[in-house]
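Let me begin by presenting the structure, written as structure tokens, before commenting on it.
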Amino acid sequence: MKKQFVWACALAVSASALTACSDDNDNAGSNDYNGASCGPQFVIATTVSASGNSSYVLLSAPSLDEGSVSPINNGCTNSGATQWVYNGDYVYGLQYRQGNDGATQRFALRPDGKIEADSREFFISRFSSYGIAGDNIFTMSTADGLSEYADANGYTPKTLTFTRLDCENGTSTSNVNTGNRYSVENYVGTGEYVTVCGLEPVGSRIFAGIVPMGLSQYGYADGNGKWLRSEEYRDLVTTADGGSGGGSYKKGEISGTQYPDRCYVAIYDNNDLLNPTIAMTEKISSPAGRYRSQYYQSVWADDKGDVYVFSPSYAKTMTSDLQKATVNAGVARIPNGANDFDDYYCDIESLSGGYSFLRNWYISDSYFLMQMYDKKLNAGGTLTALSLAIFDAEAKTLKYVDMPDNVSAIGKTIYARNGYVYIPISFTEGYPIIYRIDPKTAVATKGLTVEVTSIESIGLLNPID
């Protein structure tokens, strides 16, 4: 279907953008645009900083394997984003707003090779995670429900709030007016409320990581504390409001799960995200990477439809011994077509010598890319994750990728193609570079140099009208 929208964009540095087009639409094009329709191009979200000021520019490039690209006479300026999400036709800039609702803008590659912004803005609810299912991008979080469903104390049940961005039709809809259908209280039968992390479609079903968040005021008051795991957990009930942002809490609740050594996955039959089947294992902890109040997807399907569920065992960082995970960072599996975990298990933390991971991505075959922490979870202090490794789920091996010593940041997205995985790497000196990693050997090769301060994401877009 031919798409037509109204576009507007401010070009970086000059009004004329470099093009990278060819007549061949099977692969990214070359730099010889001759009036023919532009082929697919890589779109790179970047930051350019100078004299204390930062600009955000989307750049296009015909290849990630070699050469260099610059924002000079090239690119589309924008207001930046917390997370860039690509669906093949568009890239959406999702902006985290410290717990508040906001708006997002989307960008497309035009047939003449220019990147342009849709003049419309799309509403999104606050989000702690996102996921892609077909032509839909979901931004998801957990929030207080509607007051009309409050209990006798005035406590409202926690609910899953999400916005569905329909990429095909260019619409944005939320579920805020759907009553109590999306309550996440007692979601897995423990009385605790949860949040949903990531979406992974497999055939007609969608898999999502479930992260128990503890007992809300509503949950603790239900039955006068009947959902306490045991009497000793009563000491975890808060006696006053406190915290801030994503770490805030209220009097009369338990912040954080009482079951840190369990992993739950929801299996939905459609993208309404209702009435899931819940799979549970005690081999691993919660299936989500974590950075402050953002949760990173760690549930991925391989080419055969088997779903691998990774847990960094982030609950090892909890203050209370009652809430600390004792199981190691690891991976379990739900076989294709099944509703529960099989006996597959691999202890990633032991393979790495005691290290966990911030986030990970599926590449191809049985290979996954892991962004590894640089110190152990229980070491205290600030955690950094500037190392990469390849996990082979079939062989149950973990190989670290040899990288330079001066890495300062790792991009938030990858691009997998022809058996390789590409990821942006920034350094304390020099321009960031997109590296190509061969998962069979864990060898990284320098690819495209991007003459900016940092790279936030990469993806491939098809040109559209």
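Taking the conditions exactly as written (surrounded by fewer than 21 Cβ atoms within 10 Å (Cβ to Cβ) and among the hydroxyl-bearing types (Ser, Thr, Tyr)), does Ser55 satisfy them or not? Criteria met by Ser55.
The set of residues in segment 416-434 that are among the β-branched types (Val, Ile, Thr), surrounded by 16 or more Cβ atoms within 10 Å (Cβ to Cβ) and without any contact (Cβ under 8 Å) to a residue 60 or more places away in the chain comprises Ile423, Ile425, Ile433. Within segment 286-302, the set of residues being more than 10 Å from the chain's Cα centre (by Cα), buried (at least 24 other Cβ atoms within 10 Å of the Cβ) and part of a strand (DSSP E or B) comprises Val299 only.
When Thr163 is tested against (1) of a type in the set (Ser, Thr, Tyr); (2) touching a Gly at 6+ places or on another chain (Cβ under 8 Å); (3) modelled with pLDDT of 90 or more, exactly one condition is not met: (2). Could you check how many residues of segment 221-258 are surrounded by 12 or more Cβ atoms within 10 Å (Cβ to Cβ) and in a loop (DSSP other than H, G, I, E, B)? Residues that pass the stated criteria total 14.
Does Tyr362 count as among the hydroxyl-bearing types (Ser, Thr, Tyr) and assigned to a strand (DSSP E or B)? Yes; evaluated as a whole, the condition is true for this residue.
For segment 221-252, which positions are in contact (Cβ under 8 Å) with a residue 12 or more places away in the chain and either among the hydrophobic types (A, V, I, L, M, F, W, C) or under 18 Å from Ser293 (Cα atoms) (or both)? Within segment 221-252, Ala221, Trp227, Leu228, Leu236, Val237, Gly243, Gly245, Gly246, Gly247, Lys250 meet the criteria.
Only residues that are surrounded by 14 or more Cβ atoms within 10 Å (Cβ to Cβ), outside any strand (DSSP E or B) and either under 19 Å from the mean Cα position of the chain (by Cα) or among the acidic types (Asp, Glu) (or both) were counted in segment 385-413, giving 5. Out of the residues in segment 436-465 meeting the condition of being over 14 Å from Ser408 (Cβ atoms) and of a type in the set (Ser, Thr, Tyr), tell me which one is nearest to the chain's Cα centre (by Cα). Result: Ser457. For Thr47, are the conditions met, namely being of a type in the set (S, T, N, Q), surrounded by fewer than 20 Cβ atoms within 10 Å (Cβ to Cβ), in contact with a Pro (Cβ under 9 Å, 6 or more places away or on another chain) and part of a strand (DSSP E or B)? For Thr47, the condition - of a type in the set (S, T, N, Q), surrounded by fewer than 20 Cβ atoms within 10 Å (Cβ to Cβ), in contact with a Pro (Cβ under 9 Å, 6 or more places away or on another chain) and part of a strand (DSSP E or B) - is not met. Count, please, the residues in segment 441-460 that happen to be under 20 Å from Met370 (Cα atoms), buried (at least 19 other Cβ atoms within 10 Å of the Cβ) and among the hydrophobic types (A, V, I, L, M, F, W, C). Final tally of qualifying residues: 4. Of (1) free of Cβ contacts under 8 Å to residues at least 40 places away in the same chain; (2) surrounded by fewer than 20 Cβ atoms within 10 Å (Cβ to Cβ), Asp261 satisfies all except one. Which? With respect to (1) free of Cβ contacts under 8 Å to residues at least 40 places away in the same chain; (2) surrounded by fewer than 20 Cβ atoms within 10 Å (Cβ to Cβ), Asp261 is out only on (1). Among the residues of segment 178-219, the ones that are within 14 Å of Gln258 (Cα to Cα) and either among the β-branched types (Val, Ile, Thr) or part of a strand (DSSP E or B) (or both) come to 9 in all. The number of residues in segment 284-302 being among the hydroxyl-bearing types (Ser, Thr, Tyr) and farther than 22 Å from Asp347 by Cβ comes to 3. The number of residues in segment 205-237 being modelled with pLDDT under 95 and hydroxyl-bearing (Ser, Thr, Tyr) comes to 0.
Of the residues Ala332, Ala325, the single one that is touching a residue at least 60 places away in the same chain (Cβ under 8 Å) and in a loop (DSSP other than H, G, I, E, B) is Ala325. With respect to Leu386, determine if the residue is in contact with a helix residue (DSSP H, G or I) (Cβ under 6 Å, 6 or more places away or on another chain) and of a type outside the set (Gly, Ala, Ser). In short, no. Could you say which residue among Asp272, Asp343 is closer than 20 Å to Ser129 by Cβ and either touching a Cys at 6+ places or on another chain (Cβ under 8 Å) or free of Cβ contacts under 8 Å to residues at least 40 places away in the same chain (or both)? When all the criteria are applied, what remains is Asp272. Against the definition (over 22 Å from Phe42 (Cα atoms), assigned to a loop (DSSP other than H, G, I, E, B) and at pLDDT 95 or above), how does Gly354 come out, yes or no? Yes, satisfied. Close contacts from segment 130-156, counting a first residue that is part of a helix (DSSP H, G or I) and a second that is modelled with pLDDT under 95, with Cβ to Cβ under 6 Å and a gap of 6+ residues or different chains, come to Tyr149/Asn180. If the condition is being touching an Asp or Glu at 6+ places or on another chain (Cβ under 8 Å), part of a loop (DSSP other than H, G, I, E, B) and surrounded by 15 or more Cβ atoms within 10 Å (Cβ to Cβ), then segment 157-177 contributes Pro157, Cys167.
The values are calculated or read from the model by the stated rules, or taken from the named source; none is laboratory data. Keep in mind that what you see is a predicted model, and the values were worked out from it rather than measured. Positions of Cβ are backbone-derived with ideal geometry, glycine not excepted, and every protein chain shown enters the neighbour counts.
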